[in-house]
Amino acid sequence: VSSPPPKPAAPTSSGDRTLTRMLGLKIGRIVVDPGHGGHDTGTIGKGGLREKDLVLDVALELRTLLEEKLGAEVILTRDSDVFVSLEERTALANQREADLFISIHANSSSNRSISGVETYFLSFARTAAEREVAARENATSESNIRDLQDLVTKIARADKSAESRELAAIIQRQLYTGSRRLFPAPRNRGVRSAPFIVLIGANMPSVLAEVAFISNPKDEKLLKKEDNRQRLARALFSGIEGYMKTLGSDVAQSRATSDQREK
Ligand SMILES: [Zn+2]
């Protein structure tokens with residue numbers, strides 16, 4: 001079987017040739033992180049839908065797609081309804097030397113008419129809305145006040161990661177396209193930044209996607225259906241696939257990379 005000639009990585013959408021792209025680095029191993037679990041339910045809709053259940057379903061489907069269509073090696077931070085701390089999730093991705101980290105969450109707002117998707121990369125929050133999401137998603141943090149300086153240093157370092165921004169931009173685009181087919185009136189709420197504990201210290205491009213608003217009653221009803229959850233997984237898959245393409249990381253190459261590492 002002859003494989004296609006290798007392609008150089010494209011610049012990022014802002015025109016950067018990052019070190020990752022100059023060195024021709026590829027994606028072989030992906031950590032998929034369904035948020036919350038166990039006693040940490042995440043946000044709960046008025047109709048009883050729990051964030052932890054929704055995001056686990058989406059993550060399981062995403063794993064199947066990544067393995068079957070791209071031959072990627074996928075590691076889940078949890079594959080059942082168990083509690084895993086935010087710090088352990090990132091530590092796992094670093095220990096297993098993942099090339100990509102995606103954390104899947106669902107959003108909530110006191111304004112029940114809000115609908116839409118947002119994708120975050122790690123940086124300091126700039127708006128009240130970003131601060132609110134970070135506070136909610138970081139509720140189970142095990143860090144202490146004495147850790148603040150260390151956390152700030154790590155966030156500042158990650159802020160220079162053009163690859164996480166690029167990954168967030170491509171995932172956001174696909175997530176919005178997918179959610180337009182799914183929900184009555186979703187808004188493209190854009191790529192955002194916030195200091196998420198689960199992304200701090202990750203050694204690879206990493207993002208957190210808020211795939212829907214559980215607080216919107218119409219959307220919540222739709223999110224209870226299995227096929228709609230699969231549609232969200234497909235949208236995330238398209239985002240990851242799109243990002244891998246910009247790296248010139250095709251199926252055969254990503255397989256070869258994984259195989260080499262096993263030796
Ligand atoms: Zn969450």
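May I ask which residue of M22, N111, N94 lies farthest towards the positive end of the charge dipole of the chain, with charges of +1 (Lys, Arg) and -1 (Asp, Glu) on Cβ and the Cα centre as origin?
The residue sitting most towards the positive pole is N111.
³J(HN,Hα) across the stretch 195-202 via Karplus (A = 6.51, B = -1.76, C = 1.60, θ = phi - 60°), whole Hz, x for Gly/Pro?
So the Karplus estimates, Gly and Pro as x, are x, 7, 4, 5, 9, 6, x, 5 Hz.
Leaving out same-chain residues fewer than 8 places away, which aspartates and glutamates sit with a Cα under 13 Å from that of K7?
Straight-line reach from K7, under 13 Å: D250.
With a ≥ b ≥ c the root eigenvalues of the C-alpha gyration tensor of the stretch 32-173, is it rounded (a/c under 1.5), prolate (a/b larger than b/c) or oblate? Could the numbers behind the result be given before it?
Numbers: a/c = 1.28, a/b = 1.03, b/c = 1.25.
Verdict is rounded for the stretch 32-173.
Nearest 10 degrees, 0 to 90: what angle lies between the long axis of helix 226-246 and the longest principal axis of the chain (Cα atoms)?
Here the helix axis deviates by roughly 40 degrees.
Can you give the extra length, in nm with one decimal, that the chain gains between N94 and E67 once fully stretched, where that is 0.36 nm per residue apart less the Cα-Cα distance? Intermediate results must be reported in sequence, preceding the final value.
Working: separation 27, 0.36 × 27 = 9.72 nm, distance 2.01 nm.
Extra length from N94 to E67 when fully extended: 7.7 nm.
With +1 on each Lys and Arg Cβ and -1 on each Asp and Glu Cβ, and nothing else charged, work out how big the dipole of the chain is about its Cα centre, in Debye to the nearest 20. Before the final figure, lay out each step's value.
Details: 39 positive and 35 negative charges, 179 e Å.
The calculation lands at about 860 debye.
Please enumerate, by chain and number, the aspartates and glutamates with C-alpha under 17 Å from the C-alpha of K154, excluding those fewer than 8 residues away in the same chain.
E87, E88, E142, E163
Past the 21 Å Cα-Cα mark, which pairs from K225/K245; K26/K245; K46/K218? Before the final figure, lay out the partial values.
Working: K225/K245 31 Å; K26/K245 10 Å; K46/K218 11 Å.
In this structure, K225/K245 exceed 21 Å between Cα atoms.
Rounded to the nearest 0.05, what FRET efficiency do A139 and S113 have when you use their Cβ-Cβ distance and R0 = 30 Å? Can you show the working numbers first?
Working: r = 25 Å, r/R0 = 0.82.
It comes out at approximately 0.75.
Working from Cα positions, state the angle (0 to 90°, nearest 10) between the long axis of helix 251-262 and the longest principal axis of the chain.
It works out to around 80 degrees.
Relative to the longest principal axis of the C-alpha atoms of the chain, give the angle of the C-alpha long axis of helix 148-158, reported between 0 and 90° and rounded to the nearest 10°.
50 degrees
Of A158, N188, L223, which is farthest towards the positive pole of the chain's charge dipole, taken about the Cα centre with +1 and -1 on the beta-carbons of Lys, Arg and Asp, Glu respectively?
Sorting the options by dipole projection puts first N188.
Quick note: the coordinates plus some simple rules give every number you see, no bench work behind them. This structure is a prediction, so every number in the text was calculated from the model and none was measured. Because the Cβ atoms are built from the backbone with ideal geometry, glycine has one as well, and the counts that use them run over all protein chains shown.
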